[in-house]
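The values are calculated or read from the model by the stated rules, or taken from the named source; none is laboratory data. Bear in mind that the values here come from a model prediction, so they are computed numbers and not experimental data. Cβ coordinates were reconstructed from backbone atoms using ideal geometry, including for glycine residues, and neighbour counts include every protein chain displayed. The protein model used for the area step is the full one, side chains on, heavy atoms only, and it has no ligands, DNA or RNA in it. Shrake-Rupley method; radii C 1.70, N 1.55, O 1.52, S 1.80 Å.
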Amino acid sequence: MNQYEMTLGPEGFLPPSVSNRGVVGPSKGEGLVMGKRVPEQQAIDEAARRLLTAKNPTIFPGPLVLWAWNERAVREARVVKALAESVPARLIPMADYRPKYPKIVAEKEINPNHPNLTIWKNKIDVCLFVGVHCHQSNIALKIIRGGTDCFTIALCTFSGDDEAHLTIRDLTVDTIQRIVDSVHRQKGTRPS
């Protein structure tokens, strides 16, 4: 069997899961870039590069970052905001997973059941998911990969999300800060 090579989409209406195509998630200290395992720092630098070279980079913070339900969430929210300011990237919240029928305002929020609408409407070419529960990020990222040409980045508290073009696992505030630092290094600027 030929090894599956992840590509920018659209991959089709119902793309198969990448795990069914042989992509194996990252181990501790690794990330996943285009379906290939790489050292975590390489994934961090690639995430920063993709955000910096995008025409319309957008960060989708989910409930685990948006709701100040514990001190860790508050710290993560602050560093996510610093990341958005350093790129600069737009922030579009994914605060609620319930379908927003009959209509969503795609300029203001993302509907995890139809994320492609938000991607298309806002002409997003690189997006980053952070603080999104695994079951929602997995399905939303698969829909985006299947129907758009948006490069997807998923920062995951657990094992990573193989449906993203780039994922970093075992997320901490420090991991997000390392992306901010890489943005500044690549831009040749100092953090404010």
Self-check item: Simple spin-label estimate for residue 90 and residue 55 in nanometres, 7 Å along Cα-Cβ
Solution: 1.2 nm
Quiz prompt | For segment 14-151, share of DSSP beta bridges that run antiparallel, in % to the nearest 5 | solution = 35 percent
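Report, in deg cm²/dmol and to the nearest 500, the calculated mean residue ellipticity at 222 nm for the chain, where each DSSP H run with n ≥ 4 adds -39500 (n - 2.57) and the sum is divided by the residue count.
-11500 deg cm²/dmol
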Quiz item: What range in the chain is the longest one free of trypsin sites (Lys or Arg not before Pro) that are in a loop by DSSP and have at most 11 other Cβ atoms within 10 angstrom?
Solution: 124-192
Exercise. Over segment 117-192, with every protein chain in place, what whole percent of the accessible area is carbon and sulfur at 1.4 Å, could you tell me?
Key: 54 percent
Quiz item: Amide H to amide H under 5 Å from residue 129: which residues, 5+ apart in sequence or cross-chain, H placed 1.01 Å off N in plane?
Solution: 60, 153, 154, 155
Quiz item: Which pairs break 20 Å Cα to Cα here: 121/142; 55/187; 108/187; 55/108; 81/108?
Solution: 108/187
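How much accessible area per residue does the chain have, in Å², with a 1.4 Å probe?
50 Å²
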Quiz item: Using 7 Å Cα-to-Cβ label points, what is the residue 139/residue 78 separation (nm, one decimal)?
Solution: 3.5 nm
Exercise. Can you pull the one-decimal nm distance between simple spin-label points at residue 105 and residue 37, each 7 Å off the Cα toward Cβ?
Key: 4.5 nm
Quiz item: Longest exposed-loop-site-free stretch of the chain, with chymotrypsin sites (Phe, Trp or Tyr not before Pro), DSSP loop and at most 15 other Cβ within 10 Å?
Solution: 70-157
Exercise. Filter the GluC sites (Glu not before Pro) in segment 81-153 to those in DSSP coil with at most 11 other Cβ atoms within 10 Å of their Cβ, and list the result.
Key: 107
